[in-house]
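K.L.:
Submitted below is the structure of interest, expressed as structure tokens.
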Amino acid sequence: MADSKEKLFSDFPSVSTGQWMEKVTADLKGADYEKKLVWKTNEGFKVKPFYRMEDLEGLNTTDALPGEFPYLRGTKKNNNWLVRQEICAKCPKEANAKALDILMKGVDSLSFHIRTEELNAGFVATLLEGIEAPAVELNFTTCQSLVIDLAELLVAYFREKEYDVKELQGSINFDPYHKMLLTGKEKGDIVQTAKTLIEITQALPFYRVLNVNAITLNNAGAYISQELGYALAWGNEYLSALTELGVPAALVAKNIKFNFGISSNYFLEIAKFRAARLLWANIVASYNPECLRDCENQGPDGDCRCAAKMKIHAETSSFNLTLFDAYVNLLRTQTEAMSGALAGVDSLTVTPFDKVYQTPDEFSERLARNQQLLLKEESHFDKVVDPAAGSYYIENLTVSIANQAWEIFLGVEDAGGFYVCLRNGSVQKAINETGKARHDAVARRREILLGTNQYPNFTETSAGKKPADGCCGCGCGETGETDVDTLNMSRAASEFEALRLQTEASGKRPKAFMLTIGNLAMRQARAQFSCNFLACAGYEVIDHLGFETVEAGVEAAMAAGADIVVLCSSDEEYAEYAIPALKAVDGRAMFIVAGAPANMDELKAAGIENFINVRSNVLETLKQYNAQLLK
């Protein structure tokens, strides 16, 4: 067999797209192809149910190579990424001890969040004691008003240590636009501060000091194309403003770092990062950045192609994290980390699963680190560059997302640029509207959060957990009136969690009894649906195999101390069972019919007020029930 030259697939004839469509049409049995199988994404473009090689025709994405302009397939020829962990540096000695510990456990990128009032040379020296700076990427965040002081302290510290500055990599998180989005405050001369920062850190050629924290847009619920489109405009704001002051375009571009979020939309996220590098490379190239050193990576006109490389840090989303059934967060962050890794990000932070309700502890941080290490050491994700290349599906997604993001970018530029749009609130309005739409989708179960709005753990309680702000704090404090509108940063699960915590706090846990009767398949399906529906509010649910009569079911419910009786049967049988069941309950409990029967109006006229079905707004319905049951 080893010497066989037989072509295994030679006996299989090729199948044309037309033949595939004929088969699909036949299987649909008259159903509309567009409505049944074509998916319209939140981003506004359509995704077909299948793609073929002909769908790559006209796409230039397949001509790209890893490490080569326009960097669609990555800015380097390998897929190694840095494993980052965040450290809240309130006490420099404690933060240093933690850093030294986790550096021995697989971390090679540290992100220190420094308190304002403690920022001085002694603090920096204690914080970095024993850390070999050339061997690890060091990233720093402090109050925006003190970033220049921080830059000067770091340059002085590294000089004192006599490090080879070409071996030092990291960033200082200066991003006033991010601060405006979160706090509504604008402080100081943004452009002049940015220019001064660049001048100070020229002694650190591989440090980036101008940040685009698009992770905030992601955590506010932005769609993928919005996050990317606004991020590009955000980065271009730095380029445009600083080049007008005479700072070389190449120098500005090499100081910009993009910090993206990663949502759970697996394939679209892979495509997002590919599209991001492509678009940013072309934006930078439009400035004709002059090469500032003798380098072979130049364009045909001598422009600096290194400047066009997008430096990407990615972080798993907080928008979809949940307080209840919190270990499911590990599943969410794992698939998100996979998207980032496969897409070729430069560094990655996996958000600890317990961040929602507490400061992450040693256990959750260890799991978060190991999620990345498993991708490297067990799954070998770092061994292949851009494995998505050539995929008919992902190549088309890349182009579609690029087109949508580019439209957003051009719209911002036409409106005067990112800063102008922040000042007039158009960016915040667009993102907040999207966030509201996504919250509504969660309320209606059009967007599923496992364990929260679908399939909740029936016996779980909060055990004292409550939503945490998750903020280390820079010590500056932000109070008073705002200069601009801010983003709504509430998580997708927040309203369901508030509802469930309200139930717990009331001291009364309503009991919902499933009165199952009639058609076996329908009563079981509707009982399961109703149990999941009502348990989302923290109610105790009691299922049953079935009853011979509604009267027997109601008496069993009353004996169980039920606060709610849910009639579960088929639509046809509700004409027989619903009104007698209502009379048997006789006001002793809330009565609900599971479904949307054709005779609903007739049943309502008879006094039945409550119906739950797949078209119900789960959140609003449960809020109404809480208002009645928790009095």
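The values are calculated or read from the model by the stated rules, or taken from the named source; none is laboratory data. Remember, it's a predicted structure, so these values are computed and weren't measured experimentally. Cβ sites come from the backbone with ideal geometry, for glycine too, and all protein chains shown count toward neighbours. Just so you know, the surface numbers come from the protein's heavy atoms only, side chains and all, with ligands and any DNA or RNA stripped out. Shrake-Rupley method; radii C 1.70, N 1.55, O 1.52, S 1.80 Å.
K.L.:
Let me see the P(r) profile for segment 369-408: every Cα-Cα distance counted, bins of 10 Å, each bin given as a percent of all pairs.
P.N.:
26, 29, 30, 14
K.L.:
Between 0 and 90 degrees, rounded to the nearest ten: what's the tilt of helix 571-585 against the longest Cα principal axis of the chain?
P.N.:
Long axis of 571-585 versus the principal axis of the chain: about 70 degrees.
K.L.:
What is the mean projected area of the alpha carbon convex hull for the chain, to one decimal in square nanometres?
P.N.:
Details: hull surface 144.8 nm².
The Cα convex hull of the chain, projected and averaged over all directions, gives 36.2 nm².
K.L.:
Nearest 500 deg cm²/dmol is fine: what mean residue ellipticity at 222 nm does the chain get from its DSSP H runs of n ≥ 4 alone, each adding -39,500 (n - 2.57), divided by its residue count?
P.N.:
After summing the helix terms and dividing by the residues of the chain, the value is -13000 deg cm²/dmol.
K.L.:
Starting with the highest mean, order 301-307, 23-29 by the number of other Cβ atoms within 10 Å, averaged over the residues of each peptide.
P.N.:
301-307, 23-29
K.L.:
I've got another one for you. If you find the alpha carbon centre of segment 296-355 and of segment 39-56, how far apart are they in angstrom?
P.N.:
24
K.L.:
Taking the Cα of F206, stepping 7 Å toward and past its beta carbon, and measuring to each backbone N in segment 136-164: which are under 13 Å?
P.N.:
The answer is 136-138, 164.
K.L.:
Divide, for segment 524-631, the radius of gyration over alpha carbons by 2.2 N^0.38 Å, where N is the residue count.
P.N.:
My calculation over the Cα atoms of segment 524-631 gives 0.98.
K.L.:
Taking the DSSP beta bridges in the chain as the whole, what percent of them are antiparallel, to the nearest 5?
P.N.:
Taking every DSSP beta bridge with both residues in the chain, the antiparallel ones total about 10 percent.
K.L.:
Kindly give the semi-axes, whole Å and largest first, of the ellipsoid equivalent to segment 37-177, taking each as the square root of 5 times a Cα gyration tensor eigenvalue.
P.N.:
41, 19, 15
K.L.:
With a 1.4 Å probe and all protein chains in place, put K465, K631 in order of accessible area, largest first. Intermediate values should be presented prior to the final figure.
P.N.:
Working: K465 45, K631 195 Å².
From most accessible down to least: K631, K465.
K.L.:
Sort 504-516, 346-358 by packing, meaning the average of other beta carbons within 10 Å per residue, with the highest value first.
P.N.:
Numbers: 504-516: 19.0, 346-358: 23.2.
Descending mean neighbour count gives 346-358, 504-516.
K.L.:
Moving to a separate point now. What whole-number value in cubic angstrom gives the convex hull volume per residue for the C-alpha atoms of segment 361-453?
P.N.:
Details: hull volume 19.5 nm³, N = 93.
For segment 361-453, the hull spanned by Cα atoms encloses 210 Å³ per residue.
K.L.:
Of L603, P580, P510, which is farthest towards the positive pole of the chain's charge dipole, taken about the Cα centre with +1 and -1 on the beta-carbons of Lys, Arg and Asp, Glu respectively?
P.N.:
The Cα lying farthest towards the positive end belongs to P580.
K.L.:
Show which aspartates and glutamates lie in cross-link reach of K429 when reach means a straight Cα distance below 12 angstrom and same-chain residues fewer than eight apart are skipped.
P.N.:
In chain and number order, the partners are D485.
K.L.:
Just to check I understand the Karplus step: with θ = phi - 60° and J = 6.51 cos²θ - 1.76 cosθ + 1.60, what whole-Hz values come out for segment 308-316, glycine and proline as x?
P.N.:
Values per residue, Gly and Pro as x: 7, 6, 7, 8, 10, 9, 10, 9, 4 Hz.
K.L.:
Could I ask something else about it? List the lysines whose Cα lies under 22 Å from the Cα of K272, skipping any in the same chain that are fewer than 8 positions away.
P.N.:
Partners found: K40, K46, K48, K76, K77, K254, K257, K309, K311, K376, K383.
K.L.:
If you don't mind, there's one more thing I want to ask. At a probe radius of 1.4 Å, what is the per-residue accessible area of H439, in Å² to the nearest 10?
P.N.:
About 20 Å², rounded to the nearest 10.
K.L.:
What accessible area, in Å² to the nearest ten, does a 1.4 Å probe give for R73?
P.N.:
Near enough 50 Å² of accessible area.
K.L.:
Measuring from the lowest to the highest alpha carbon on each principal axis, how far does segment 107-166 reach, largest first, in angstroms?
P.N.:
Reported extents, whole Å, longest axis first: 28, 25, 19.
K.L.:
Enumerate the amide H contacts of G261 below 5 Å, restricted to partners 5 or more residues apart or on another chain; note that Pro and chain-start residues carry no placed amide H.
P.N.:
Under 5 Å from the amide H of G261: I215, N218, E315.
K.L.:
Which of rounded, prolate, oblate describes segment 364-517, given a ≥ b ≥ c as roots of the alpha-carbon gyration tensor eigenvalues and a/c under 1.5 marking rounded, otherwise prolate only if a/b is larger than b/c?
P.N.:
It comes out oblate by the Cα gyration axes.
K.L.:
Quick one: which residues, 5+ away or cross-chain, put their amide H under 5 Å from the amide H of C91? H built at 1.01 Å from N.
P.N.:
none
K.L.:
Say a paramagnetic label sat at a point 7 Å from the Cα of K429, along Cα to Cβ; which residues of segment 404-419 have their backbone N under 17 Å from it?
P.N.:
Label zone hits: 408-409, 411-419.
K.L.:
Once you have the Cα-Cα distance between V15 and T461, take 0.36 nm times their residue separation minus that, and quote the gain in nm to one decimal.
P.N.:
Separation in residues times 0.36 nm, less the Cα-Cα distance, equals 155.1 nm.
K.L.:
In percent, what relative contact order does segment 120-244 have, based on Cα pairs under 8 Å that are 6 or more apart in sequence?
P.N.:
25
K.L.:
Please give, to one decimal in nm, the separation of the simple spin-label points placed at R293 and E551, each 7 Å out from Cα toward the Cβ.
P.N.:
9.2
K.L.:
If you average 1/r over all unlike Cα pairs in segment 202-344 and invert the result, what Kirkwood radius do you get in angstrom?
P.N.:
Across segment 202-344, the inverse of the average 1/r is 16.1 Å.
K.L.:
Here is a further query. Which shape class, rounded, prolate or oblate, goes with segment 95-243 when its Cα gyration tensor gives a ≥ b ≥ c as root eigenvalues, a/c under 1.5 marks rounded, and past that a/b bigger than b/c marks prolate?
P.N.:
Note, shape of segment 95-243 comes out prolate.
K.L.:
Expressed as an acute angle from 0 to 90° and rounded to the nearest 10, what is the orientation of the C-alpha long axis of helix 17-28 relative to the principal long axis of the chain?
P.N.:
30
K.L.:
Among residues other than K98 whose Cβ falls under 13 Å from its Cβ, what is the net charge (Lys/Arg +1, Asp/Glu -1)?
P.N.:
-2
K.L.:
Under 18 Å from a point 7 Å along the Cα-to-Cβ line of E68: which residues of segment 371-392 have their amide N that close?
P.N.:
Hits in segment 371-392 for E68 at 18 Å: 385-391.
K.L.:
Take segment 53-106, drop everything but the C-alpha atoms, weight them equally and run the Debye formula without solvent; then report log10 I(q)/I(0) at 0.17, 0.26 Å⁻¹ to two decimals.
P.N.:
Cα-only, vacuum Debye calculation for segment 53-106: -0.68, -0.97.
K.L.:
Going by the alpha-carbon gyration tensor, a ≥ b ≥ c the square roots of its eigenvalues, is segment 452-598 rounded (a/c under 1.5) or, if a/c is not under 1.5, prolate (a/b greater than b/c) versus oblate?
P.N.:
Judged from the Cα gyration tensor, segment 452-598 comes out prolate (a/c at least 1.5, a/b above b/c).
K.L.:
Kindly sort T333, T359 by accessible area of their heavy atoms, largest first, with the probe set to 1.4 Å.
P.N.:
Working: T333 0, T359 120 Å².
The ranking, largest first, comes out as T359, T333.
K.L.:
Looking at the P(r) of segment 210-259, how many percent of alpha-carbon pairs lie beyond 13 Å?
P.N.:
Values: 679 of 1225 pairs.
Every Cα pair in segment 210-259 considered, those over 13 Å come to 55 percent.
K.L.:
Now for a separate question. On a straight-distance basis, which aspartates and glutamates could pair with K161 in a cross-link, Cα separation under 15 angstrom, same-chain partners fewer than 8 positions away excluded?
P.N.:
E129, E132, E152
K.L.:
Let me ask you something else. Can you give me the solvent accessible area of M590 with a 1.4 Å probe, rounded to the nearest 10 Å²?
P.N.:
20
K.L.:
On a C-alpha basis, how far is the centre of segment 444-462 from the centre of segment 361-387 in Å? Whole number, if you could?
P.N.:
Cα centres, segment 444-462 to segment 361-387: 27 Å.
K.L.:
Under the √(5λ) rule applied to the eigenvalues of the Cα gyration tensor, what semi-axes describe the equivalent ellipsoid of segment 331-409? Give them in Å, descending.
P.N.:
28, 18, 9
K.L.:
What number, in nm² with one decimal, is the all-direction average of the projected area of the convex hull of the alpha-carbon atoms of segment 162-212?
P.N.:
Its Cα hull, projected and averaged over all orientations, spans 3.9 nm².
K.L.:
Tell me, what ³J(HN,Hα) does each residue in segment 299-305 have, in order and in whole Hz, if you take phi through Karplus 6.51 cos²θ - 1.76 cosθ + 1.60 with θ = phi - 60° and put x for Gly and Pro?
P.N.:
So the J values, rounded to whole Hz, are x, x, 9, x, 6, 7, 7.
K.L.:
Related question: Residue by residue, what Karplus-based ³J(HN,Hα) values in Hz, rounded to whole numbers, does segment 207-213 have, using 6.51, -1.76 and 1.60 with θ = phi - 60° and x for Gly and Pro?
P.N.:
With coefficients 6.51, -1.76 and 1.60, one gets 9, 10, 10, 10, 10, 10, 8 Hz.
K.L.:
How far is helix 494-505 tilted off the main Cα axis of the chain, in degrees rounded to 10, range 0 to 90?
P.N.:
On a 0 to 90 degree scale, this one is about 50.
K.L.:
Check V541: other-chain or 5+ apart residues with amide H under 5 Å from its amide H, H built from backbone geometry?
P.N.:
So V541 has HN proximity to A512.
K.L.:
In addition: Just flag the GluC sites (Glu not before Pro) in segment 251-316 sitting in loop per DSSP whose Cβ has no more than 11 other Cβ atoms within 10 Å.
P.N.:
Sparse-neighbourhood loop GluC sites (Glu not before Pro): E296.
K.L.:
Can you tell me, using C-alpha contacts under 8 Å and at least 6 residues apart, the relative contact order of the chain as a whole percent?
P.N.:
Working: 1092 pairs, mean separation 85.9, N = 631.
It rounds to 14 percent for the chain.
K.L.:
When ranked by the protection proxy of mean other Cβ atoms within 10 Å per residue, highest first, what sequence do the peptides 35-43, 383-391 form?
P.N.:
Ranking the peptides 35-43, 383-391 by packing returns 383-391, 35-43.
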